1. If you go through the range B:45-61 one residue at a time, how many are open to solvent by less than 30 Å² (accessible area, probe 1.4 Å) and in a loop (DSSP other than H, G, I, E, B)?
2. Out of A:106, A:21, which single residue is open to solvent by 20 Å² or more (accessible area, probe 1.4 Å) and farther than 29 Å from residue B:91 by Cβ?
3. Consider residue A:62 against the criteria (1) part of a loop (DSSP other than H, G, I, E, B); (2) within 11 Å of chain B (Cβ to nearest Cβ): it satisfies all of them except one. Which criterion is unmet?
4. Would you mind finding the one in A:26, A:90, A:60 that is in contact (Cβ under 8 Å) with a residue 40 or more places away in the chain and either more than 30 Å from residue B:23 (Cα to Cα) or surrounded by fewer than 22 Cβ atoms within 10 Å (Cβ to Cβ) (or both)?
5. Does residue A:97 satisfy the condition of being touching a residue at least 12 places away in the same chain (Cβ under 8 Å) and touching a Ser or Thr at 6+ places or on another chain (Cβ under 9 Å)?
6. Restricting attention to the range B:62-79, and to residues there that are among the aliphatic types (A, V, I, L, M) and more than 7 Å from every other protein chain (Cβ to nearest Cβ), which single residue is surrounded by the most Cβ atoms within 10 Å (Cβ to Cβ)?
7. Going residue by residue through the range B:105-114, is there one that turns out to be within 10 Å of chain A (Cβ to nearest Cβ), at pLDDT 50 or above and in a loop (DSSP other than H, G, I, E, B)?
8. Name the single residue, out of those in the range A:41-57 being out of contact with any helix residue (DSSP H, G or I) (no Cβ under 7 Å at 6 or more places or on another chain) and of a type in the set (A, V, I, L, M), that is surrounded by the fewest Cβ atoms within 10 Å (Cβ to Cβ).
Amino acid sequence: MAKPIATLRSASGVPTGRLAVWWVIASEIVIFGGLLGSYLLHRLGHPEWATYASHTNTWAGAFNTLVLLTSSLSAVLAHKAAEEGNGPLAAKRLLLTCLGGLTFLVVKGFEWTYEIQHGFTITANGFWSFYYSAAGLHGFHVIAGMIIMLFVAADARKNQELQRVELIGIYWHFVDLVWIFLFPLLYIAK
Amino acid sequence: MSSHADNHTDAAAHGHEGHHTNYVKIWAILVGMLVVSVAGPELGIRWVTLFTAFGIAVIKAYMVARYFMHLDIERPFVVKLLVVCLGLMFLFFFATAPDIMKHWGMNWMNESAKNANIPEPVHHVAAPAAGEAAPAHGEAAPAHGEAAPAPEAPAH
């Protein structure tokens, strides 16, 4: 079967598939940047939000940061294995990355359940609206990344389409990068 | 479907083959910085909190982008593309900040910010006469030509 054009074409010196991932990330910077910029503006304009922020669980946020950093490590190690032509090892490391994403979502689920039970819902006030919007949008990206990663791992296990391991890795590192900024904004600045 | 050999050639074409950073070491540094960012606010010093929370976040992001996303060996135009998008984000922030971060203006007042427990600034203006509205907490006196908000001004 002929390989897709994204794998073979490289008009800019960067394979088209990887270039597409960079374009996705460039647009994501604007999406998350706009959201976080708006949050920061409102946070500075509403000193009373510090009181609401004090209800977020710093330890849960820190644990999730550790989980995402570790999942980024396994993603980059999967890329290394793919470069060495070891598809099954790359697939195994991608599955570990997925496990990290799942752990992140489970912790987030417990966290949100506790907060909602205590009346901190998305409609409670501006702070909680931003909190659920930003963390929810990020969580959606985690879920999307995990689904794509499962498909890439299935191919990699058979030593097929190994170049995709790097592409999903770049996306996953970006998801980690967004959380690196969400963590101090939502959990530490109180 | 492609063969293993084809894929290996493709990986080499990416230009990232042979680039072996000690990823575990980078991860350990990132985790160390995470510990510092959590411990920093415990000291209760504002500038330490700001640095350990946001300064370290910037350093962590730089390390992830450079070593994990391999931006250090990526084509320069990709880096420029991402920097332009970051620039747009800052443009949005600084273009709207002067307006949004005000607590009151003509015919409106941010009541919740006004009522927040924030330190009273020292004003070098005469105290308002009885019945006149005082400026909100944390705000300077209105500039010349700018109307002070009436007591019945709608809440923001």
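1. Matching residues across the range B:45-61 total 0.
2. On the way: A:21 fails: farther than 29 Å from residue B:91 by Cβ.
From the options A:106, A:21, the qualifying one is A:106.
3. (1)
4. Details: A:26 fails: in contact (Cβ under 8 Å) with a residue 40 or more places away in the chain; A:90 fails: either more than 30 Å from residue B:23 (Cα to Cα) or surrounded by fewer than 22 Cβ atoms within 10 Å (Cβ to Cβ) (or both).
Step by step, each of A:26, A:90, A:60 is checked, and only A:60 is in contact (Cβ under 8 Å) with a residue 40 or more places away in the chain and either more than 30 Å from residue B:23 (Cα to Cα) or surrounded by fewer than 22 Cβ atoms within 10 Å (Cβ to Cβ) (or both).
5. Details: touching a residue at least 12 places away in the same chain (Cβ under 8 Å): yes; touching a Ser or Thr at 6+ places or on another chain (Cβ under 9 Å): yes.
Yes: the conditions hold for residue A:97.
6. Taking the range B:62-79 and keeping what is among the aliphatic types (A, V, I, L, M), we get B:63-65, B:69, B:71, B:73, B:78-79.
After this cut, where a residue has to be more than 7 Å from every other protein chain (Cβ to nearest Cβ) as well, the list is B:63, B:71, B:73, B:79.
On the way: B:63: 17, B:71: 19, B:73: 12, B:79: 15.
By that ranking, first place goes to B:71.
7. Yes, some residue in the range B:105-114 is within 10 Å of chain A (Cβ to nearest Cβ), at pLDDT 50 or above and in a loop (DSSP other than H, G, I, E, B).
8. A:44
The values are calculated or read from the model by the stated rules, or taken from the named source; none is laboratory data. Quantities reported herein were computed from a predicted structural model and do not represent experimental measurements. Here Cβ is always computed from backbone atoms with ideal geometry, including for glycine, and neighbour counts include all displayed protein chains. Just so you know, the surface numbers come from the protein's heavy atoms only, side chains and all, with ligands and any DNA or RNA stripped out. Shrake-Rupley method; radii C 1.70, N 1.55, O 1.52, S 1.80 Å.
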